[in-house]
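The values are calculated or read from the model by the stated rules, or taken from the named source; none is laboratory data. The model shown is predicted, which means the values in this text are computed figures rather than measured ones. Cβ coordinates were reconstructed from backbone atoms using ideal geometry, including for glycine residues, and neighbour counts include every protein chain displayed. The protein model used for the area step is the full one, side chains on, heavy atoms only, and it has no ligands, DNA or RNA in it. Shrake-Rupley method; radii C 1.70, N 1.55, O 1.52, S 1.80 Å.
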Amino acid sequence: MVNILYTFHAFSAGALWLLGTLIFMGVNKTGPQADRWLGAYYCLLASLFTQLFLEGFHIDNGALIHVLELPRWATLPCFYLAVHYLVKPTTPIRYWGLHFVPFLAFLFFSVIYLIPGLFNKHIHAPQLPHWIMFAIKYFFFAQCIFYWMACYWLFKIHQKNIRQLSSYTEKINMIWLKYLLIALLFMIIVRLLALAHFSFDSLAPILYFMGIVALGYGTLTQRSIYAVESSDNLIDESDKTKNIKTEERLTEQQVDTLKEKLVQKTTAEKLYLDPALTLSSLADHIGINPHDLSYIINNGLQKNFYQFINELRTEEAKRLLLSEEAKRLDMFGIAIRAGFNSRTTFYSSFKKVNGMTPTAYMKVHGKKSS
């Protein structure tokens, strides 16, 4: 008996073919390398769901089904490379071809052992050890888990590093990528449950389709990637070599001196009121290079750039909230006057520093001052 829900595999395949084609055409304009790998990921995923549809409806064209299955082990490496070039568009991957060694091994194995038998029934493939058959059956699932964790790690590193660069991260935080990872994790969990419970397998097609709709929505509604400054100035806290070199350049006394200069110049000239202030532009004002400035903020002030600037903006906002200007400005007006470029950043920064919202702060301290 054919489960009519397998029709959703056809919907999933069609949606993914269309999505992959649109990405290849550069609809998102995220960068040629990222688009190329992301488009390849969606097209390879589409071939997988095409195979599931044919198998579900017992369309037993063995050669076609095997051809659709061949690129399966290249699917997740394509997604990983896409994520890498999304968060590090100017950083090439060394030895990226190693990610496709399992796929090439499976391709070689298929050409030698499997494909000849599909075209000539008199050819019988030799009996393979049980462990090889087990690896072929479950390797793709292991790949999914490994590459999902690797992509999530790249995303978290990006979230951490952009706070070293900019005081306004909403347009460069790529939160849409987080939703892509959640959708992919959902599909992995569905696959795990389908393997564990045969009865759940009948519902899997519609759940996969829901995950693919989420993937498509996250991909096509993403914001453009705004390059706030050259990625050469991005300080990766995990890069110990750069930190050691900076530490060798700056003595403890120099760090203290530059820290005082940084705080004095930033507050006296109210440089933090510039909503577009970045690590590089502040470094130009102070007269040092961005790597040294990042080191001074991280180690001298025990903060990152995002915290340092937005805490100063929060102090300015506190002054404005208790001034006469608060009577003719709304909260967004206060945020803009204090240097914030986003209501979200204003509220989250203010509450983190003061333990209460701007409105609550104005009520509590407004009464005290009156």
- Item | Any chance Tyr306 is among the aromatic types (Phe, Trp, Tyr), in contact (Cβ under 8 Å) with a residue 12 or more places away in the chain and within 18 Å of Thr257 (Cα to Cα) | no
- Message: Every residue in the stretch 266-294 that is in a helix (DSSP H, G or I), open to solvent by less than 50 Å² (accessible area, probe 1.4 Å) and not hydrophobic (A, V, I, L, M, F, W, C), please.
- Response: Thr266, Tyr272, Ser280, Ser281, Pro290, Asp292, Ser294
- Query: Looking at the stretch 168-226, what helices (runs of 4 or more DSSP H) fall wholly within it and have at least 2 residues that are open to solvent by less than 20 Å² (accessible area, probe 1.4 Å) and not small (Gly, Ala, Ser)?
  - Reply: 175-196, 204-220
- Item | Filter result (open to solvent by 30 Å² or more (accessible area, probe 1.4 Å) and in contact with a Gly (Cβ under 7 Å, 6 or more places away or on another chain)) within the stretch 315-347 | Leu322
- Message: Checking Lys240 against (1) surrounded by 14 or more Cβ atoms within 10 Å (Cβ to Cβ); (2) at pLDDT below 50: exactly one of these is not met. Which one?
- Response: (1)
- Cβ pairs under 6 Å, 6+ apart, first in the stretch 6-33 and among the small types (Gly, Ala, Ser), second in a loop (DSSP other than H, G, I, E, B): Gly31/Pro89
- Test Met356 against the criterion of being touching a residue at least 12 places away in the same chain (Cβ under 8 Å) and surrounded by fewer than 21 Cβ atoms within 10 Å (Cβ to Cβ), and give yes or no. no
- Item | Cβ-Cβ under 6 Å pairs, at least 6 apart or on other chains, the stretch 94-112 side within 11 Å of Pro71 (Cα to Cα), far side open to solvent by less than 40 Å² (accessible area, probe 1.4 Å) and at pLDDT 90 or above | Phe100/Ala74; Phe100/Pro77; Pro102/Trp73; Phe103/Trp73; Phe103/Ala74; Phe106/Trp73
- Query: Do we find that Asn341 is among the polar types (S, T, N, Q), part of a loop (DSSP other than H, G, I, E, B) and either farther than 17 Å from Tyr168 by Cα or in contact (Cβ under 8 Å) with a residue 40 or more places away in the chain (or both) in this structure?
  - Reply: yes
- Query: For Trp73, which of the numbered conditions (1) more than 27 Å from the chain's Cα centre (by Cα); (2) more than 22 Å from Ala214 (Cα to Cα); (3) hydrophobic (A, V, I, L, M, F, W, C) fails to hold?
  - Reply: (1)
